[in-house]
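The structure appears right after this line, and notes come after that.
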Amino acid sequence: METINQSRRHFFKVAAAVAGSLTLGVYWDAAQAEEKAAKVAGPGEAGSTELKHGLFEPNAFIRIDPDNTIHIISKHMEMGQGSHTGLSTLIAEEMDADWAQIRTENAPADASRYGNMAFGNIQGTGGSTSMANSYLQMRQAGAAAKVMLVGAAASLWGVPASEITVQKGVVSHASGKKATFGELAEAAQKQAVPATVELKKPEQFVYIGKSDLQRVDIMGKVNGTAQFTQDVQLPNMLTALVAHAPWFGASVKSVDDSATKAVAGVKSVVTLPNAVAVLATDFWSAKKGRDALKITWDDSKAYKGSSADQFAAYQKLAEQAGKETLKEGSAQEALQTAAKTVKAAYSFPYLAHAAMEPMNCVVQLTEQGCELWYGAQLHTIDQMLVGKVLGIDPAQVKINSLYAGGSFGRRGNPASDYILEAVMIAKASPDRVPVKMVWTREDDMRKGYYRPAFYHSLQAGLDQAGNATAWFQRVVGQSIVTGTPMEGMMQNGFDPMSVEGAGEPYAIPHKAIELHTPTDIPVTVQWWRSVGHTHTAYATECFIDEMAHAAGKDPVEFRRPLLKDSPRHLAVLNLAAEKAGWGTALPKGRGRGIAVVKSFNSYVAEVAEVTVKEDGTFSVDRVVVAVDCGVAVNPDVITAQMTGGVGYALSAALGEKITLKDGQVEQSNFHDYTPLRINQMPVVEVHILASQENPSGVGEPGVPPLAPAVANALFAATGKRHYELPLGNKA
Amino acid sequence: MKLMINGQTQELDIAPDMPLLWALRDHAHLTGTKFGCGLAQCGACTVHVDGQPTRACVTPVSAVEGKQITTIEGASQSSKVTQALQAAWLANNVPQCGYCQSGQLMSATALLSQNPKPTDDEINSFMAGNICRCATYQSIKTAIKQAAASLA
Ligand code: FES
Ligand code: FES
């Protein structure tokens, strides 16, 4: 399992587009990111559209205006996770820039300059890779710019470069000569790009690791001017609302749009294979028009299953042998001879991402190709798939990437689903005008691409002394990549994301994991903040807790020897326990639970404290987080991501589920798919372990330990286990 | 239809049943007010109507004719309370994706206007109508208390 997780961040690679049929060869190659030297494109490649006089573009990531503004071109999109701030910190650090002169913008789509080195050669954001794959590259870019600025000052002033110092964006020499970056920009543009650069030592850092940096994206987000897709307004733009098929797998049989066409503001109605779109001059007219459509659906191929039946089928599957994904020793035999065995099964519903900004995309078809405005997350995949739909070269798909109002995985869709829908609407529209496709909350909730539903059954063996001897786990659930353009992420015939983290990292001599991957369910599924860990961590960490109690041991004490080969796990476990006051008495009705998970190369332990009230309801009062994510580049961002991860995970753990009845999604909006609200938010304390390891991600790793920590705390308070998520409001 | 938005009268060519949200966004081109649910469930569309926090997504324009409508754009300019909150939002790095934050700030402005020194429980109950999927709740609470202190 370890090797799979190691390569988890090395995502996918676009291999070839053969004779019009697109295949995305996808691979995971652990060596890829290490081998590939950071590419820092040369001068004039920073993607600016107009080259102003006196401008300095040392490379693809930095542009300095004569007015002394440093534009940082971020290859990673900003969806709240703080990557614009993170990447800017790295560049500002090595340049010795003034934080106030930094302006950060999204890179255009061009994988040759802005590829994610953890993803092979595609441009995209996800898998908590932004910091890990940018740490050296952005610092090199900043350091190179600084060398060129210093070189320019040296030649202008006739002094050796070695005598020049730079501090907070001011270049100066002992003689009293001083200049800003902006003043040196024009001269610096003529400097040779250095072949190699020296990076700062950690003790020289002025920004990395400091917690007083303001987020670079913050101003527009407090005064309402930040531009999201929803806010794009273009001349003659029409808004498209879409009526989607009510079942997965259904299609349009016929449409009566006579009432729709009579609605003021409606311009046209276009029919796609499985949807009907209404284009109008504004949202409200489009919505009225959509509500007036009379559509007959062809449900002959529709999926009409229900969640209860699905789980019953999953449970049956779990009784049969599955595809072996891990085998160490002989778990089944060891179970036979164990002094004591423990059994449990867990079920997990489909989950919607429910980003605050529902999915949307603005499309303008042009003579040469197509221009898009949206919170692009997988630029290269989107370009290829859009190119295929339009029959054009992917390079002709121009992407204007905007702030995303949350994503949690959703906007990086392996099939570019909502983007293709917008493009197909624009293509079918009789008017060659910009089209803004807007999903309502209900569309967003019901249109799929959920965290897949899962079922886990587990058995463990303990010896006389209460030591764990065997672990046997069967996992049942749909694959995220099987049958998609990203099938190349499969390993040894299975989707590693279905089982990642299962049974880890405990040193148990006999371990086996088997997987069933149902392929007959057309409900669309996708990565959801922390992917497989969303369910494997719950099953693993709740079951370990159960084993500890079966062994008569404290859950922290029980884990420690099993983590003897995992020092980073152990360190966060111990830190969280210590900070939470593990082992100290709590009043009756209260309980503490712990969980520790490594995901995306970061290590997080969480201790949750709950209070169970007389009426059986409960609250989560406090969550203590200990995180080791390597060098802590932006402590504030790390704290925000851990706290937000706790809130997002608690939201799902308490009340989120997508269920199907006769194939139809039962939830529609925030009244029946109920996100966490401020009054349910626990006090979260984040402790960051000091580390010199390379930085790893923080967007996802705060999520997995939360639900098991809460469930274990409920057990501590009540003696009752929870085998099904969401927990609901009763302890 | 005549609407008084951020202190100015605007003549908009819209149907009376159009929710205020879409009049503001699509017709007055004030896009700071966000669409999150359309069902008075999330608070992203919160504006003030005669000073009262109002969910613009379910308020037809016919109901607000002749009333003072204030959006995040207007409050940023004219409200001392909003400005104090914005300063506290900046100091605490509150936003993540930012999409809910206009609504959070408009609700918080209404809270502090009615109750200059809210307790944690009062913040919880007043702000419970504003969802933040990024779960920035903890820093929202800190920032509201900081703003309250700075206004005192
Ligand atoms: S959009 Fe109005 S409350 Fe959600
Ligand atoms: S900051 Fe993202 S929804 Fe609140």
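The values are calculated or read from the model by the stated rules, or taken from the named source; none is laboratory data. Note that the structure is a prediction, hence the values are computed from the model and not measured. All Cβ positions, even for glycine, are placed from backbone atoms using ideal geometry, and neighbour counts span all protein chains on display. For accessibility, only protein heavy atoms count, side chains too; no ligands or nucleic acids. Shrake-Rupley method; radii C 1.70, N 1.55, O 1.52, S 1.80 Å.
Accessible surface buried at the B:A interface totals approximately 4300 Å², computed with a 1.4 Å probe on protein heavy atoms.
In plain terms, the C-alpha convex hull of the protein assembly as shown casts an average shadow of 37.4 nm² when viewed from every direction.
Using a/c under 1.5 as the rounded threshold, could you call the range A:376-514 rounded, prolate or oblate? The axes a ≥ b ≥ c are square roots of the C-alpha gyration tensor eigenvalues, and prolate needs a/b larger than b/c, oblate otherwise. Prolate. Normalising the Debye intensity of the range B:2-74 to I(0), with uniform scatterers on Cα atoms only, and taking log10 at q = 0.16, 0.28 Å⁻¹ returns -0.44, -1.54.
Over the range B:76-151, calculate the relative contact order: mean separation of alpha carbon pairs under 8 Å at least 6 apart, over the residue count, as a percent. Answer for the range B:76-151 is 47 percent.
With all protein chains in place and ligands, DNA and RNA left out, the 1.4 Å accessible area ranks A:498, A:162, A:112 as A:162, A:112, A:498, largest first.
Helices in chain A, meaning DSSP H runs of at least 4 residues, each add -39500 (n - 2.57). Divided by all residues, the mean residue ellipticity at 222 nm is -8500 deg cm²/dmol. What the Cα atoms of the range A:60-121 give is an Rg and a Dmax of 11.9, 37 Å.
Couplings 3J(HN,Hα) of the range B:112-118, computed from phi: 5, 5, 8, 9, x, 10, x Hz, in residue order, whole Hz [Karplus 6.51 cos²θ - 1.76 cosθ + 1.60, θ = phi - 60°; x for Gly and Pro].
Close amide H partners of residue A:103, meaning residues 5 or more places away or on another chain with modelled amide H under 5 Å apart, are A:70, A:71, A:72.
Calculated on the alpha-carbon coordinates, the convex hull of the range A:111-248 measures out at 250 cubic angstrom per residue.
Contact order for chain A, expressed relative to its length and based on alpha carbon pairs under 8 Å spaced 6+ residues apart, stands at 14 percent. Using every pair of distinct Cα positions in the range A:346-458, the Kirkwood expression returns a hydrodynamic radius of 14.9 angstrom.
For residue A:664 and residue A:261, the FRET efficiency from 1/(1 + (r/R0)^6), where r spans their Cβ atoms and R0 equals 35 Å, is about 0.80. Using the Cβ-Cβ distance between residue A:560 and residue A:720 with R0 = 35 Å, the FRET efficiency computed as 1/(1 + (r/R0)^6) comes to roughly 0.85. Solvent-accessible area assigned to carbon and sulfur over the range B:2-74 amounts to 47 percent, based on a 1.4 Å probe. Over the C-alpha atoms of the range A:255-368, the Rg to Rh ratio, Rh being the Kirkwood estimate, stands at 1.25.
Working from label points 7 Å from Cα in the Cα-to-Cβ sense, the residue A:225 to residue A:671 distance is 3.8 nm. Helices in chain A that qualify as membrane-span-like (whole DSSP H runs, Cα extent of at least 27 Å along the helix axis, mean Kyte-Doolittle hydropathy of -1.0 or higher) are A:130-157, A:635-655. Counting only Cβ charges, +1 for Lys and Arg and -1 for Asp and Glu, the dipole size of the range A:237-377 around its Cα centre is about 360 debye.
Taking amide hydrogens as placed 1.01 Å from N in the peptide plane, the amide H of residue A:282 sits under 5 Å from those of A:239, each at least 5 positions away in sequence or on another chain. For the range A:510-652, the square roots a ≥ b ≥ c of the C-alpha gyration tensor eigenvalues yield an a/c under 1.5, which makes the shape rounded.
A crude spin-label estimate for the pair residue A:167 and residue B:52, with each label 7 Å from Cα along the Cβ direction, gives 5.8 nm. Spacing of the modelled spin labels on residue B:145 and residue A:100, each 7 Å from Cα toward Cβ, amounts to 3.0 nm.
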